[in-house]
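In what follows, a single structure is set out as structure tokens and then discussed.
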Amino acid sequence: MILGLLMLFGYCFLMWLIFFKLKLAKFGIPQAVIGVFVGVHLLIIFLIGLRFMAPLATEARIVQYTVQLIPRLPEPTLVTAVLVQPNVAVKKGQPLFQFDRRPYEYKVRQLEAQLAKARQNVLVLQADTQIYAQKVIKLRADLAYAQYQQKLSADLAAKGAGPQEDAQKWTAQVAADEAAIKEAQAEAARANLNYTSNINGVNTSVAAVQAELDQARYYLDNTLMVAPEDGRVINLQVRPGMVAGDIRAGAIASFVVDADRYLLANYFQENLKYVKPGQPVEAAIDLYPGQIFRGKVLEVWPGSGAGQMLPSGTLPNFQYVPTDRPQGQFAVAIRLDDPDQARFPIGTQGRAAIYTNPESWFVPLRKIMLRAYSWFNWVYPFSG
């Protein structure tokens, strides 16, 4: 910068010495045009130095994370109470909205009764396994008796001491008892499968009702919506009597988070050649005319939507871009050093300068320009 100042001063001195002091040449229109042309090109030195040693973002704004408050309820539910005031700070876990609990309490009670019944049914299944086991034992005894009677009647019939019909009758009875035993064994196996159908040591029928009950309790807990983090609700439009739930599209309110806010500034891409995280920053915030806030570069966002292409069957069709259109810009996230971050609400605008080389002589010139902008905010815009 010193070299540029010396060159500019020397050039102005030579122009004055030649044309006005010594009058070695006449200062006319051609000399004026050439002089201005050369002088403007000397001023490019300052433009280049400022753009790369102290790039300035003319558009910077405070960004805060927002959480869309969407009721996690399975059906449209009445809002019974609004427990938060608009634009008032709340702490994490503080109640915000109360929804009608009654439908979900009824569901929980219903499932609690079904769970008790399911647990009793497990005992019934256990008793059934014992009943069918005893039934098999009884049928085997009947089969043994029928087989004895069959043999006895068959022997008597063979000797002519008994009717042939008795032997046939007991043969049929043996077949019936054998079939009854197989049926009872199948019933016993079915009862045992139902009784021993477990998951993690719990009967599946009980586990299924327990899962439904847990879900019902989850929805019951969600009838009270609480703050996800420290922050505030802006533009609160929720009122008691409003119906919210899965039929409604979108959130019922936006929750602005206090933590991790940052200043997002847009820079021309070529000006970011020497920008690195950790470099010092000064910002002029429009909300505070005449004040300068210091900070540091958090990160450079190396990309923009101009390079994004969505999947489609259409080939890229590049159009001519007029030279007077603004160049593509990249965003730089900046953390302001002020201990009271609440001074910078979401959407606050301003300008920010990054000092890529704080020792450069161009930095004081950028500081002067940034402070001039900040003080000019006292009178601009001219709103009267």
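Considering the range 286-311, the residues that are over 17 Å from residue 378 (Cα atoms) and touching a helix residue (DSSP H, G or I) at 6+ places or on another chain (Cβ under 9 Å) include one that is surrounded by the fewest Cβ atoms within 10 Å (Cβ to Cβ), namely 302. In the set (1) under 21 Å from residue 268 (Cα atoms); (2) among the acidic types (Asp, Glu); (3) over 31 Å from the mean Cα position of the chain (by Cα), residue 359 fails one condition alone, (1). For the range 279-296, a residue qualifies if it is of a type in the set (Val, Ile, Thr) and farther than 13 Å from residue 332 by Cβ, and the qualifying residues are 285, 292. Search the range 230-285 for residues being over 30 Å from residue 368 (Cβ atoms), at pLDDT 90 or above and touching an Asp or Glu at 6+ places or on another chain (Cβ under 7 Å), and hand back the single one that is surrounded by the fewest Cβ atoms within 10 Å (Cβ to Cβ). It comes out as 259. For the range 361-379, the set of residues classified as loosely packed, with under 12 Cβ neighbours inside 10 Å and closer than 15 Å to residue 280 by Cβ consists of 364 only. All told, residue 208 falls short of being surrounded by 17 or more Cβ atoms within 10 Å (Cβ to Cβ) and either part of a strand (DSSP E or B) or in the same structural domain as residue 108 (by TED's automatic domain parsing) (or both). Of the residues making up the range 64-81, those that are surrounded by fewer than 18 Cβ atoms within 10 Å (Cβ to Cβ) and not basic (Lys, Arg) are 65, 66, 67, 68, 70, 74, 75, 76, 78, 80, 81. The sole residue among 294, 335 that is closer than 17 Å to residue 64 by Cβ and either more than 25 Å from the chain's Cα centre (by Cα) or touching a residue at least 24 places away in the same chain (Cβ under 8 Å) (or both) is 335. Wholly within the range 278-384, which strands (runs of 3 or more DSSP E) include no fewer than the required count, namely at least 2 residues that are out of contact with any Phe, Trp or Tyr (no Cβ under 8 Å at 6 or more places or on another chain)? Per the criteria, 293-301, 349-354. Of 292, 252, all but one fail to be among the aliphatic types (A, V, I, L, M) and over 25 Å from residue 81 (Cα atoms); the exception is 292.
The values are calculated or read from the model by the stated rules, or taken from the named source; none is laboratory data. Computed from a prediction, not measured in an experiment: that's the story for all the values here. Don't worry about glycine lacking a Cβ; one is built from the backbone with ideal geometry, like all the others, and counts go over all protein chains shown.
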